[in-house]
Amino acid sequence: MFAPTPRPTVPRGPAVKFAILGLLLGILAYIAFYWQGPKRIVDPTETPVETPVIEAPQLDRTILAEARDATREQRLVLEAEPLSHLLEKALNVSPPVAEALGRRTAPVPVTEVAAAPDRWRGEWLWYRGRLEELAGPKPGHPVRGYSIWEATIRTSGDETVLVTFSLPPEGDVHKGGIVRAEGFLLKIRDLTFPNERNTVPMLVGNSLLRDYEAWPPVTSLDPAQFAGIRDGNHVDGRFEPGPDCSIGLFDDQAVPLWHLGSYALHEEPRLTKAEWREKPAFASKAILTEALQGRMERGAPVRILGQFVQARTQRAAPNPAGIEDWTEAWVQIRDLGGKTVPVWIPGKVRPLVQGTGLEVNAFYYKRIVYETLRGTEVITPVFVATELEPFVLRIPEEMHHIALWLGAGALALTIWIFLSQRRLAKQSSEAQQELARRRRQRRAMELANGSGAGQGS
């Protein structure tokens, strides 16, 4: 009788079991932390998909060519048809449309425009200065229901700019105040009344905006600047929203936000990373409740640890803090059950991948109420920060050594399993060959015994 040869098996034992378990855990960890499908990079300056496409008004260059300013006699004359054309086209130019028209981040020097009016005619320009003269309303507007207003401003460079517009100036626009004029360049003008002026650019826009004397950087918070914020109250345990709860970033262009924005721009870089790490993290229900119930002091510094969701940047309204753009970003905080909070940033931010981990140094501002996609209203605190800083996990040097030892151990275990498998395969092959040899030997013996029995009979 021949004993059956046992089949070779995979090496067993605690080491192999731990190796297989580690491999499975590694796969699960990869799926949990890294397998998120295709990631989308969000550029805050891009127009959101759901926002309607903004179309800039198309000017009739044939009509604009009727405006002539090559000689003093031509500059003294104001052509009616080009003026009416630009008044009508400028009437519905909003800030996003002005951006689509190519509004520049800084005024074009008056001397440059006066030297080449044909180059700049029909371009959307803007200037900031002190309001010297204001006249209107006057008849003759091409659109029924509107009148013509005229203003003269003196820039900080002691240059004169004329602007003609359609909407009555707001109450805070007054002679001697700082204003901002925006509009299409019509022509270069010379005037003799009420004062003689030469080679003055004339813009045609829709309104005259109030502007401000530039502030010095805000180095300390003034609680009086926040006294007018009405973002609700808690009465008998219930939150009653105030009128400012429904005002979002791009409508909340006033002194309280400018004050905190300027302070953030000054204070945030002044503190070191170690000093910021000592500030409370906005990551517990207790601190969330403190903010929602109005017990958190405005301007209080906090650290927001979360994931980037989305952001949107728009041009800032005229302001004394020198802020040119505002960005509204939304950050999801896992420690608060996935709650998202808005962060308002006085400036532009870099394009980010959705889901990027962030460590945002921020200052508490106010509360707002917004409607979710499910139609429910949610109250949330709003923070002001200067940037969206990606969170980088710093691995200590000891962890690198541990990782090297673990990697070496895993490599050694893999080699051992490979060699064991190779040895077992060799043993299996030898056993098969031995079994075949014994079978052949047995058949030969049976044949020999059969032949002998036949001869004996």
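Quick note: the coordinates plus some simple rules give every number you see, no bench work behind them. In this text, all values refer to a predicted model and were calculated from it rather than measured experimentally. All Cβ positions, glycine included, derive from the backbone under ideal geometry; neighbour counts span all protein chains shown.
The label point for GLN433 and the one for VAL255, both projected 7 Å from the Cα toward the Cβ, are 9.8 nm apart. So what does log10 I(q)/I(0) come out to for region 223-385 at q = 0.13, 0.17 Å⁻¹, using the Debye formula with one equal point on every Cα and no solvent? Summing over Cα pairs of region 223-385 leads to -0.60, -1.09. Taking the three principal axes of the alpha carbon atoms in region 121-177, the coordinate ranges are 37, 30, 14 Å, sorted in descending order. In this label model, ALA281 and ARG334 are separated by 1.1 nm, measuring between points 7 Å along each Cα→Cβ vector. Of all aspartates and glutamates in the structure, those lying under 17 Å Cα to Cα from LYS366, and not within fewer than 8 positions of it along the same chain, are ASP222, ASP231, GLU240, ASP244, ASP251, ASP252, GLU290, GLU297, GLU328, GLU377.
Which residues does a label at ALA56 reach in region 186-214, if reach means a backbone N under 17 Å from a point 7 Å past the Cα toward the Cβ? Under 17 Å, as judged by backbone N against the label point of ALA56, lie 186, 204-206 of region 186-214. What are the semi-axes of the equivalent ellipsoid for region 253-349, taken as the square roots of 5 times the Cα gyration tensor eigenvalues, largest first, in whole Å? Working from the Cα gyration tensor, I get semi-axes of 23, 16, 14 Å. Here's the picture: charge each Lys and Arg Cβ at +1 and each Asp and Glu Cβ at -1 in region 61-210, and of PRO117, GLY177, LEU64 the one pushed furthest to the positive end of that dipole is GLY177. Using R0 = 45 Å, the C-beta based FRET efficiency linking SER220 and LYS138 works out to 0.40. In loop segments of region 205-274 as defined by DSSP, the trypsin sites (Lys or Arg not before Pro) with at most 16 further C-beta atoms inside 10 Å of their C-beta are ARG230, ARG270. Starting from the Kirkwood radius over alpha-carbon pairs of region 61-210, derive D by Stokes-Einstein at 25 °C in a medium of 0.890 mPa s and give it in µm² s⁻¹. Answer, rounded: 161 µm²/s.
What the phi angles of region 308-324 give under the Karplus curve with 6.51, -1.76 and 1.60, with θ = phi - 60°, is a coupling list of 6, 10, 6, 7, 8, 10, 9, 5, 6, 6, x, 8, x, 8, x, 7, 9 Hz, glycine and proline written as x.
The length gained on full extension between THR105 and GLU81, counted as 0.36 nm times the residue separation minus their Cα-Cα distance, comes to 5.6 nm. Of ILE153, ILE247, the sequence from fewest to most neighbouring Cβ atoms within 10 angstrom is ILE247, ILE153.
One Cα centroid belongs to region 113-144, the other to region 285-321; the line between them spans 39 Å. Computed on region 155-312, the Cα convex hull volume stands at 197 Å³ per residue. Computed over region 285-325, the convex hull of the alpha-carbon atoms projects to a mean area of 4.8 nm². Legend: calculated FRET efficiency, ILE379 to THR272, from the Cβ-Cβ distance at R0 = 35 Å, rounded to 0.05, equals 0.55.
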